[in-house]
Amino acid sequence: MQNRDVAEMLDRAARVLALRGENRYRIRAYKKAAHAVAALDEDIRNVAAEDRLQQVAGIGPALAAKIKEIIATGKLALLERLETSQIPAEINKNILLAAALTFSSELVPNLERLPGIQQVQVAGAVRRCQETVTGLELVVAVSDIKQAKEALSGYPQLHQLTWKNTVGHAVHSFGVEIALYLTSEENFTPLLWQITGSEEHVKKVMAKIKRKTGYDLNSPESLAKLQIAKEEDIYELADLAPIIPELREDWGEIEAAQSGKLPQVIEAADYKGDLHVHTNWSDGTASIEQMVATAAELGYEYLAITDHSRSLKIARGLSLERLAKQKKYIESLQDKYNLRILTGIEADILDDGSVDAPDEILAELDVVIASVHSGFRQSQAKLTERICRAMQNPYVQVIGHATGRLLGRRDPYDIDLEEVLRVAAATGTALEINSSPDRLDINDQVARLAKEAGIAVTINTDAHSQLELANIVLGLSVARRGWLEKKEVLNTYPRQEILAVLQQKKRR
């Protein structure tokens, strides 16, 4: 077992515990251990053999024993128990998108191997990439419905499975409610489309099809005549441009499709680099080199190192001296990697709205993100004033996680969003979509408001380990749901242009 294998198994254990709604401190311990193992610069097997695991920050005696178990057996008994155990006492009805996507990516291939099943695809809120979901909806193409039902009924991780005709409802061992929609291969696409879109989106499109063609997508006779092979065919029947799953919410997308005004939303291939990551210089677990190497593996053209500023002592915020030392160190690394390493900081927005570093220091950095990390319960007027004053600083290019929410744990703080958007537009300050699974902040609706106000957006992971760089898919989904196009996202600029784009505010 290599370091990455051990880290991924610990991370998976954290995800499964989260799906089951288990104690968040236990979940955090597994995540912390996963990040620590991923960041080790020596072979985890040697560390374990020499009984030095507990010397690694983030690994206590219990997790050290789990790591030794993984190394010795290639397995983790905890995971095996959870995979075969009875469902938890309380079903988790508030599942983060990240957990739902990971869970479905593991479950779907397993179900596709069952007798009588041809293909399975995730639909519903997960396919639309809603930030939280209550369960999983799966559309299942079957070759033999009786055989498929029997196989699903015998699947050990599906409990309390009941059928109403071709629709099944069950609870997974991980505490996730699952709906199974069985259909023929021929009708797979129209059913996938129906189960994916919001109720109002589907209703409106089907009504358009009925008026225009006389066909009813709920009618087996109509489906037999139409022979729908792809979802684009459905929109063509309604005389609409194709609408991607993330936009199927009835938030004006049907009208936009009809008038030719649908956005060409950002794609993963448009993304060139992350502008907000942390390292072990502050509260991250990985070194600068490890973060850069992982970014290079992802094909990035640049990566910004933005460790915390001096006032955030709990996160080992950098003093001005350490910040200067880090800047020099980053510059010494530039020629070793085939991507640009940008110098930066995530500077605290202080109580009076000033930024936690002198302007002459900020002026020397490539990326300056300003964020609120304290005073969450202050009045709306106070919090709004702090953020707006920070945006008046010519060196602050981005406001990080602007509403401060933690999904399922902390509501957004009380700010005058309209005023924040107005000042962001007036000062040329970008707003961040923070891709941390429990943040996704700003959300899709605020992102769309930013778009309408002409405010640039950055999509960043706020990664504190190499593993968390993968969270960018979550931020991209928020941007797509927010109708953002490539031109509206700073991270889409190539290496040779990004610095000039970031410096535009200084020249205003």
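Read the figures in this text as sums done on the coordinates, not as results from a lab. Bear in mind the structure is a predicted one, so any value in this text is a computation, not a measurement. Don't worry about glycine lacking a Cβ; one is built from the backbone with ideal geometry, like all the others, and counts go over all protein chains shown.
In terms of its C-alpha gyration tensor, segment 95-259 comes out oblate, because a/c is 1.5 or above while a/b does not outweigh b/c.
In segment 3-84, a dipole from Cβ-located charges (positive for Lys and Arg, negative for Asp and Glu) runs towards its positive end, and of L10, A29, A57 it is A29 whose Cα lies farthest in that direction.
Of the options I234, L161, N218, report the single residue whose Cα projects farthest towards the positive end of the charge dipole of the chain (beta-carbon charges: Lys, Arg +1; Asp, Glu -1). With unit charges placed on the Cβ atoms, the residue in question is L161. Taking a 21 Å limit on the Cα-Cα distance, which of the listed pairs K328/K505; K32/K327; K230/K486; K272/K336; K327/K451 fall beyond it? Violating the 21 Å Cα-Cα cut-off are K328/K505; K32/K327; K230/K486; K327/K451.
Sequence-distant contacts, meaning Cα pairs under 8 Å at least 6 residues apart, place the relative contact order of segment 268-507 at 20 percent. Taking a straight line from the alpha carbon of K31, these aspartates and glutamates sit under 13 Å away, with near neighbours fewer than eight places off in the same chain left out: E8, D11, E468. Across segment 308-379, Cα-Cα pairs farther apart than 22 Å form 27% of the total.
Other residues whose C-beta falls under 14 angstrom from the C-beta of H308 contribute a net charge of -2, scoring Lys and Arg +1 and Asp and Glu -1. When the charge dipole of segment 66-129 is built from unit charges on Cβ atoms (+1 for Lys and Arg, -1 for Asp and Glu) and taken about the Cα centre, the candidate among Q118, S85, L107 whose Cα reaches farthest toward its positive end is L107. Across all directions, the average flat footprint of the convex hull enclosing the Cα atoms of segment 250-363 is 10.7 nm². In percent, rounded to a whole number, the relative contact order of segment 1-88 is 33, using alpha-carbon pairs under 8 Å and six or more apart.
Applying the Karplus relation 6.51 cos²θ - 1.76 cosθ + 1.60 with θ = phi - 60° to segment 105-119 yields 3J(HN,Hα) values of 5, 8, 6, 4, x, 5, 5, 5, 8, 6, x, x, 9, 9, 7 Hz, where x marks Gly and Pro. Find the centroid of the Cα atoms in segment 378-425 and in segment 1-72, then give the distance between the two in whole Å. Rounded to whole Å, the Cα centres lie 36 Å apart. Contact order for the chain, expressed relative to its length and based on alpha carbon pairs under 8 Å spaced 6+ residues apart, stands at 11 percent. In this structure, the amide hydrogen of I349, modeled 1.01 Å from its nitrogen in the peptide plane, lies closer than 5 angstrom to those of S371, V372, H373, counting only residues at least 5 positions away or on a different chain.
Prolate is the label for segment 3-84, because the ratio a/c of its alpha-carbon gyration tensor axes (a ≥ b ≥ c) is 1.5 or higher and a/b is greater than b/c.
In the chain, the DSSP-assigned H stretches of four residues or longer account for a calculated mean residue ellipticity at 222 nm of -12500 deg cm²/dmol, using -39500 (n - 2.57) per stretch and the full residue count as denominator. Using Cβ point charges alone (K and R +1, D and E -1), the dipole size of the chain about the Cα centre works out to roughly 500 debye. For segment 32-48, 3J(HN,Hα) computed residue by residue from phi via the Karplus equation (6.51, -1.76, 1.60; θ = phi - 60°) reads 4, 5, 4, 5, 5, 5, 4, 8, 4, 9, 9, 5, 4, 5, 5, 4, 5 Hz, glycine and proline entered as x. Packing-based ranking of 485-493, 10-18 yields 10-18, 485-493, ordered from highest to lowest mean Cβ neighbour count within 10 Å.
Database remark: amide H of I455 closer than 5 angstrom to no amide H (H placed geometrically; neighbours at sequence offset of 5 or more, or on other chains; Pro and chain starts carry no H).
Seen from A224, the other residues with C-beta closer than 14 Å to its C-beta sum to a net charge of -3, counting Lys and Arg as +1 and Asp and Glu as -1. For segment 110-150, the dipole from Cβ point charges (+1 on Lys and Arg, -1 on Asp and Glu) about the Cα centre works out to 40 debye, to the nearest 20. Its Cα centre serving as origin, segment 3-84 has a Cβ charge dipole (Lys and Arg +1, Asp and Glu -1) of approximately 460 debye. Shape class for segment 268-507: rounded, because the ratio a/c of the largest to smallest gyration tensor axis (alpha-carbon atoms, square roots of eigenvalues) is under 1.5.
Database remark: amide H of Q503 closer than 5 angstrom to no amide H (H placed geometrically; neighbours at sequence offset of 5 or more, or on other chains; Pro and chain starts carry no H). Ordering 93-104, 144-155 by mean Cβ neighbour count within 10 Å, with the highest value first, yields 93-104, 144-155. For the Cα trace of segment 425-508, dividing Rg by the Kirkwood Rh returns an Rg/Rh value of 0.97.
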